[in-house]
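Throughout, read-outs are computed from the coordinates displayed, never taken from laboratory work. Keep in mind that this is a model prediction, so the values were computed, not measured. Heads up, the Cβs are rebuilt from the backbone with ideal geometry, glycines too, and the neighbour counts pull from every protein chain shown.
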Amino acid sequence: MTDSGAQYRSSGLSAKEEPLRSVVRIFPLLFGLLIGTAPAFAVLVGDKPAPVMMVDKLHTALLDNMKQGAEYDFAERKEKIAPVVHEVFDLETMMRVSVGSGWQKLSEDERKKLTEAFAGWTIATYASQFKSWNGEQFTVTAFSDPEKPDVMVNSEIKPKSGKTTALNYRLRQKPTEKNDGPWQVVDILFAGAVSQLALRRADFAAVFTKGGAPALIAHLQAMTDKLETAG
């Protein structure tokens with residue numbers, strides 16, 4: 001058993017990490033939209049809180065794809081990472097927040113199709129960006145109070161040589177009647193500050209406002225197709 005005070009130490013970080021100036025006006029709104037009924041506290045699995053275990057699962061899958069880069073083509077990388085993306089990310093919540101208030105006016109079928117298109121693009125993005133390995137390593141460096149309903153898991157990807165990049169994950173527990181749902185990622189702060197959800201909202205909400213669900217589904221599919229073409 002590793003020392004949780006070393007690699008996995010509680011940092012006492014605030015759950016409201018502020019993004020860069022370009023998204024500073026959007027992020028507080030997104031955080032407000034993400035807050036619902038407070039779920040149960042994070043449980044410990046061994047010496048790691050459940051949210052940390054979920055981030056580790058994503059990192060392990062990404063490294064597997066990277067290390068098999070010479071053997072896997074794009075379709076195989078997608079196939080390998082797809083179930084992990086569905087397990088680790090709360091894709092419906094991320095899509096709902098990205099669309100904004102218009103989500104409430106959509107039918108269940110439209111919401112399902114939007115979430116599926118968003119999932120497809122997310123999976124294709126990971127398959128495209130993590131396809132080769134040159135000694136890179138993922139490390140969880142800190143996590144916020146696991147007894148809070150909203151948990152930040154800070155990590156970094158360190159190349160064999162060069163600059164380390166911070167990837168900080170915000171996780172919330174999936175609501176269930178017994179408050180025992182899985183912890184899932186609802187946002188990633190790239191370089192420790194830039195909310196990916198805020199950036200997506202700026203892009204997706206504009207498309208949705210102009211053409212509704214069909215336009216946004218087409219937009220997501222076009223981005224997915226572009227990634228598949230590039231391999």
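Going by Cα centres, segment 173-231 and segment 68-92 are how many Å apart? Value for the Cα centre distance between the two parts: 16 Å. Spin-label model, E108 to T60: label points 7 Å out along the Cα-to-beta-carbon direction sit 3.5 nm apart.
Taking amide H atoms as placed 1.01 Å from N in the peptide plane, the amide H of N154 lies under 5 Å from those of T141, A142, F143, S144, Y169, each 5 or more residues away in sequence or on another chain. Averaged over residues, the count of other Cβ atoms within 10 Å places the peptides 81-87, 195-201, 147-153 in the sequence 195-201, 147-153, 81-87, highest first.
Checking the cross-link pairs K80/K131; K112/K226; K67/K131 against a 18 Å limit on the alpha carbon distance flags K112/K226 as lying beyond it.
A straight Cα-to-Cα reach below 22 Å connects K148 with the lysines K16, K48, K57, K174, K178, residues fewer than 8 places away in its own chain not being considered. Computed packing ranks the peptides 223-230, 119-126, 202-209, 104-111 as 119-126, 202-209, 223-230, 104-111, most packed first, by mean other Cβ atoms within 10 Å. When only Cα pairs below 8 angstrom with a gap of at least 6 residues are kept, segment 21-230 shows a relative contact order of 26 percent.
Placing dummy labels 7 Å off each Cα toward the beta-carbon, the span from M223 to H86 is 2.1 nm. If R0 is taken as 30 Å, the Cβ-Cβ distance between T125 and K148 corresponds to a FRET efficiency of 0.55. Remark: the D203-E79 segment gains 42.0 nm on full extension, using 0.36 nm per residue and subtracting the alpha carbon distance. For the pair T164 and E71 in one chain, pulling the backbone fully straight at 0.36 nm per residue adds 30.8 nm over the alpha carbon distance.
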